[in-house]
């Protein structure tokens, strides 16, 4: 597998060309400041098939795999970390439909996501609970042909801008920990649903983050995604895919910071020579490319596993840890190489650094991921 | 035995300062962060209460305090949860140039105002083409009779907008050796030919303004030169030790504060949940963070004691500046991991700290420069 296929290379090239042509630096800095989603660029990206490339063709997707989706996220984030993260999260949690929903829900809700008419969001985390989504307080109770939802979710990606949300609820309070939860699709305009923006963020500022409050929100029975009682497992599977996507975003962020640092050190002279000519600079770049190469190999390999039908949850967790760390370290070094300029908003690397830290934190921080990897590595203890 | 010997006087000073900051600064920090500048009035109040330029002699309105006052101010400023209000820059970096190298006339004219907060100062060294490498400076100062004509531009000047008096570095184009060409001059706000450029936007330090400064045929009296002509580089070298030590004070005190917040967060149990400090990995991380902070504190205090004794600690100061500013970055990064999703939000103090501490390994001489200096003086 040590080479991308021809179609994959073409997708990579097309994504790169699109990002070059459409992502505007000043606009990005402005939207970052205002915490705005890049609606116009998103619509164009969707028109060209960059959103939902991993959805089925009959749902307006590209019928491709996670590796192709990885390549797009990487190219987008490389050109601009914040726009890239926002665009590659446009269909956040729609993967839950792709993997688990019946045809009816899929054909109604996936095409608008892929076509750039609707954003999707996910509501899993509960206030004060972080990564732990067992023992949920948010509940769904069956009432004739409806489910009635009550509770509060936080850190909801695309909260307030999405057309629908995938909401994880407890459906059987008698079942301890993970077994009693189910997943529902809730349209944003359902009665009883309130969105509260959680305010300014450190990074990934073009992605809205909000709290969702559900008060007797009724959804029809067919809005149950997948199987009743299987919500936790489905959410974990979605998280796994999502971690792979964040790994891809992280590689893009690292590459983008690297590109900018490279340009800077080749142009800037201090002490009578280019910064690029100092040995310490050479070694810094050696460290950066090495980290990027490691992250890329692990991420591509894991995406490839998925596309071959192997749900490599450990690989995705490892890829996210390594890639997000790589993004943060490379962006940090890029700032350092820029000196005072690196700290200024005008020189994108500060934004890449803030965005990289978010990649390290969301969708499972490294402590939670290490628990997963470590348990698998140790196996049973007699 | 404590390394630093604080007296009753120091303790009283700290108590007064803490009460002042809690009442006059901390409640307004969020507003200043939004406005990207702090009001001049707070400088006046700091000055009137004796919290600026503590080293200045009573003759000029100061308290003639030792370096421990600087340490106290650094520690107490960290309590305000922001890094604007660049008191240390004014009191311990810029004004000391006037205090140490100014003549009686200059000191009489400017120091009382610096102490009272009526004169806020900045130092303009960095240029678009001359960051770490001062010899790359292109701002010129040509002395013509009683006047000096200054031409050039400066950038990344902290307090660039708010300052009333700027100490600038400029070189005489007639002198070939750049190190013998640099002189320091005092330029007052409102001088013809002295313009402020953009108020630069940056990742952090939002309530402290950073700007470009432009000098176009800016004429000042030759009496505004600090010290002898061509001795600017030597003056800078003498004072940079203190600037770096002050930076280390800022780094260590920030790290201590961040650690304190993090421990508090990790020990809390919202809704009766298990405190995350009870997880072994988190506990180890917290211990590692605390260890680094302690090492930084101990190293710092030893250097403060040496500095107060007038010892030559250029190597150690360079090491401390580089190590403590890296340490505070590591501490903040791990703190954010422990805060998790909640730390992403700007309402969490760690988010601001993450943005603020990143500059410390760059300003006051990048850490690469610190290692170069230490290496040189170690004879490597």
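Dividing the alpha-carbon radius of gyration of the range B:332-380 by 2.2 N^0.38 Å (N being the number of residues), what value is obtained?
Numbers: Rg = 15.9 Å, N = 49, 2.2 N^0.38 = 9.7 Å.
Relative to the 2.2 N^0.38 Å estimate, the range B:332-380 comes out at 1.64.
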Expressed as a fraction of 2.2 N^0.38 Å, the rule-of-thumb size for a compact globular protein of N residues, what is the C-alpha radius of gyration of the range B:4-49? 1.39
Taking neighbour counts of Cβ atoms within 10 Å as a proxy for exposure, in what order, fewest first, do B:134, A:202 appear? B:134, A:202
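For chain B, just run the numbers: alpha carbon Rg, then divide by 2.2 N^0.38 Å, N being how many residues it has. If you can, show how the numbers build up before the last one.
Working: Rg = 21.2 Å, N = 380, 2.2 N^0.38 = 21.0 Å.
Taking N as the residue count of chain B, the ratio is 1.01.
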Among B:350, B:313, B:162, which one moves the most in a GNM of chain B with springs linking Cα atoms closer than 10 Å? B:313
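For B:40, A:106, which order do you get if you count the other beta carbons within 10 Å of each Cβ and list the fewest first? The partial results should precede the final answer.
Numbers: B:40 14, A:106 19.
So the residues, fewest neighbours to most, are B:40, A:106.
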What value, in deg cm²/dmol to 500, does the helix sum -39500 (n - 2.57) over DSSP H runs of n ≥ 4 give at 222 nm once divided by the residues of chain A? -17000 deg cm²/dmol
Checked chain A against the a/c 1.5 cut and the a/b vs b/c comparison, axes a ≥ b ≥ c from its Cα gyration tensor; verdict prolate
With no solvent and one point on each alpha carbon, what is the Debye value of log10 I(q)/I(0) for the range A:15-159 at q = 0.17, 0.20 Å⁻¹? -1.01, -1.22
Can you give the FRET efficiency for residue B:41 and residue B:294, using 1/(1 + (r/R0)^6), R0 = 60 Å, r = Cβ-Cβ distance, to the nearest 0.05? 0.95
Specify the inter-centroid distance of the range B:273-306 and the range A:285-336, based on alpha-carbon positions, in whole Å. 29 Å
To the nearest 10 degrees, how steeply does helix A:25-34 sit against the main Cα axis of chain A, on a 0 to 90 scale? 50 degrees
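Taking R0 as 45 Å, what's the FRET efficiency between residue B:188 and residue A:5 from their Cβ-Cβ distance, rounded to 0.05?
Numbers: r = 68 Å, r/R0 = 1.51.
The value I calculate is 0.10.
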In degrees, nearest 10, the alpha-carbon axis of helix A:279-307 is tilted away from the dominant principal axis of the alpha carbons of chain A by 30 degrees
Under 11 Å from a point placed 7 Å out from the Cα of residue B:135 along the Cα-to-Cβ direction: which residues of the range A:269-292 have their backbone N that close? A:271-273
Gaussian network model of chain B, springs between alpha carbon atoms under 10 Å - residue of B:310, B:113, B:64 with greatest fluctuation: B:310
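With viscosity set to 1.002 mPa s at 20 °C, what whole-number translational diffusion coefficient in µm²/s follows for the range B:127-275 from Stokes-Einstein and a Kirkwood radius over Cα pairs?
For these conditions, the coefficient is 120 µm²/s.
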Which angle from 0 to 90°, rounded to the nearest 10, does the C-alpha axis of helix A:231-267 make with the longest principal axis of chain A? 20 degrees
Using alpha-carbon positions, what is the distance between the centroids of the range B:226-254 and the range B:120-148, in Å? 16 Å
Please say if the range B:177-265 is rounded, prolate or oblate, where rounded means a/c under 1.5 for a ≥ b ≥ c the square roots of the C-alpha gyration tensor eigenvalues, and otherwise the choice is prolate for a/b larger than b/c and oblate otherwise? oblate
For chain B, set up a GNM with springs between Cα atoms under 10 Å and report which of B:54, B:140, B:26 has the largest fluctuation. B:26
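Give the average, rounded to an integer, of partner chain Cβ atoms located within 10 angstrom of each Cβ in A:151-157.
Other-chain Cβ atoms within 10 Å of each residue's Cβ, averaged: 1.
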Which value in nm describes the separation of the simple spin-label points at residue A:287 and residue B:30, placed 7 Å from the Cα toward the beta carbon? 3.8 nm
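Fewest Cβ neighbours within 10 Å first, please rank B:341, B:146 accordingly.
Values: B:341 21, B:146 9.
In order of increasing Cβ crowding within 10 Å: B:146, B:341.
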Where a ≥ b ≥ c are the square roots of the eigenvalues of the C-alpha gyration tensor, would you call the range B:106-156 rounded, which needs a/c under 1.5, or, failing that, prolate if a/b is larger than b/c, or oblate? oblate
Measure out, as a whole number of angstrom, how far apart the alpha-carbon centroids of the range A:1-56 and the range B:4-18 sit. 58 Å
Can you give the convex hull volume per residue for the Cα atoms of the protein assembly as shown, as a whole number of Å³? 180 Å³
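Quote the FRET efficiency, to the nearest 0.05, computed for residue A:175 versus residue B:311 with a Förster distance R0 of 45 Å and r equal to the Cβ-Cβ distance.
Numbers: r = 69 Å, r/R0 = 1.53.
Once the sixth-power term is evaluated, E becomes 0.05.
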Within 10 Å of each Cβ in B:203-213, how many Cβ atoms from other chains are there, averaged over the peptide? 2
Project the alpha carbons of the range A:21-89 onto their principal axes and report the range along each, largest first, in whole Å. 37, 20, 19
Could you give the nm distance between label points at residue A:233 and residue B:19, where each point is 7 Å from its Cα heading toward the beta carbon? 6.6 nm
Debye intensity ratio in log₁₀ form over the Cα atoms of the range B:270-380, taken at each q of 0.14 Å⁻¹: -0.70
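For chain B, what does -39500 (n - 2.57) per DSSP helix run (n ≥ 4), summed and divided by total residues, give at 222 nm, in deg cm²/dmol to the nearest 500? Please report the intermediate quantities before stating the final value.
Details: 13 runs with 184 residues, N = 380.
Taking each H run of at least 4 residues, the total per residue is -15500 deg cm²/dmol.
Rule-based calculations on the coordinates, nothing more; no lab input. Values in this document were obtained by computation on a predicted structure and should not be read as measured data. Because the Cβ atoms are built from the backbone with ideal geometry, glycine has one as well, and the counts that use them run over all protein chains shown.
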